[in-house]
Amino acid sequence: MADPSTALQSTQADPVAGLIDIPLPPPVSLWPQTWMSQIAIVTLIGAAVAALLWFVHYWRSNCYRREALSELDRIEHAFAAQATPKELAAQLSALVRRTALAVFPRERIAPLAGPAWLAFLDDSYGEHEFSNGVGRLLASAPYDRIAPTDRQISSLVDLTRRWIKVHHV
């Protein structure tokens, strides 16, 4: 038999030895427990994915616009470097034609020339600046004997930039 005095001495020497651990509660879940919260989270994730897909589609579908605008900037810098107004008008005309061919069906764009081409540009732009304004230079300037003025060319560059940015398909 063990001596009771030795048992008393061992508990007095280590008072923590006789304690029992308190059981801890289970960890709290990060996933919400109500079904309405779960539906809200799934809906938000779905909306975020849909918005991301829409943005990627929008970015890719407007790539031709960004390329056309950078080409227009290059042409504009060439004009500042003393290119002739006739050459600039011809380059702008080719740029608008290539931009239209990039997005519209070739069968619709390729046969257009002169007033029909300007009418198409007006229809896709929503205004009448091509057939009744400075946009007429796109069809006539490369072939006219009189070169367009710097002011006309500047207006044509601005009109071309606006058409590239806002034309509708």
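Nothing in this text is a laboratory measurement; each read-out follows from the coordinates by a stated rule. Because the structure is predicted, anything quoted here is derived from the model rather than measured. Heads up, the Cβs are rebuilt from the backbone with ideal geometry, glycines too, and the neighbour counts pull from every protein chain shown.
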Tell me, what HN-Hα J-couplings in whole Hz come from the Karplus equation 6.51 cos²θ - 1.76 cosθ + 1.60 at θ = phi - 60° for each residue of region 111-118, using x for Gly and Pro? x, 6, 7, x, x, 5, 5, 5
For the chain, find the longest principal axis of its Cα atoms and tell me its angle to the long axis of helix 63-80, 0 to 90°, nearest 10. 50
Kindly write out, for region 26-33 in residue order, the coupling ³J(HN,Hα) from the Karplus curve 6.51 cos²θ - 1.76 cosθ + 1.60 (θ = phi - 60°), rounded to whole Hz, with x marking Gly and Pro. x, x, 7, 6, 7, 7, x, 8
Can you list residues from other chains, or at least 5 along the same chain, whose modelled amide H is less than 5 Å from the amide H of His167? none
Specify the inter-centroid distance of region 45-109 and region 128-169, based on alpha-carbon positions, in whole Å. 16
Can you tell me which of Leu19, Leu72, Leu53 moves the most in a GNM of the chain? Springs connect C-alpha atoms under 10 Å apart. Leu19
Residues of region 43-85 with backbone N under 17 Å of the label point set 7 Å from the Cα of Arg108 along Cα→Cβ are 61-62, 64-65
GNM of the chain, Cα pairs under 10 angstrom: of Ser140, Ser155, Ser37, the biggest fluctuation goes to Ser37
Sort Val157, Val28 by Cβ crowding within 10 Å, fewest neighbours at the top. Val28, Val157
Starting from the Cα of Ala81, step 7 Å along the direction of its Cβ; do the same at Ala147; then give the gap between the two resulting points in nm. 1.7
Over the chain: helical MRE at 222 nm, DSSP H runs n ≥ 4 each giving -39500 (n - 2.57), nearest 500: -21000 deg cm²/dmol
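Give the order of Phe130, Phe79, Phe104 when sorted by the count of other beta carbons within 10 angstrom, beginning with the fewest. Before the final figure, lay out each step's value.
Details: Phe130 27, Phe79 19, Phe104 16.
So the ranking, lowest neighbour count to highest, is Phe104, Phe79, Phe130.
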If one builds a Gaussian network model of the chain from Cα atoms under 10 Å apart, the most fluctuating residue listed among Thr34, Thr149, Thr43 is Thr34
Using 7 Å Cα-to-Cβ label points, what is the Phe55/Val16 separation (nm, one decimal)? 5.3
Ranked by Cβ crowding within 10 angstrom, fewest neighbours first, how are Ile109, Ile41, Ile164, Ile20 ordered? Ile20, Ile41, Ile109, Ile164
Relative to the present Cα-Cα distance, how much length would full extension add between Leu101 and His168 at 0.36 nm per residue of separation? 22.8 nm
On alpha carbon coordinates alone, what is the Rg over Rh value for the chain, Rh being the Kirkwood radius? 1.71
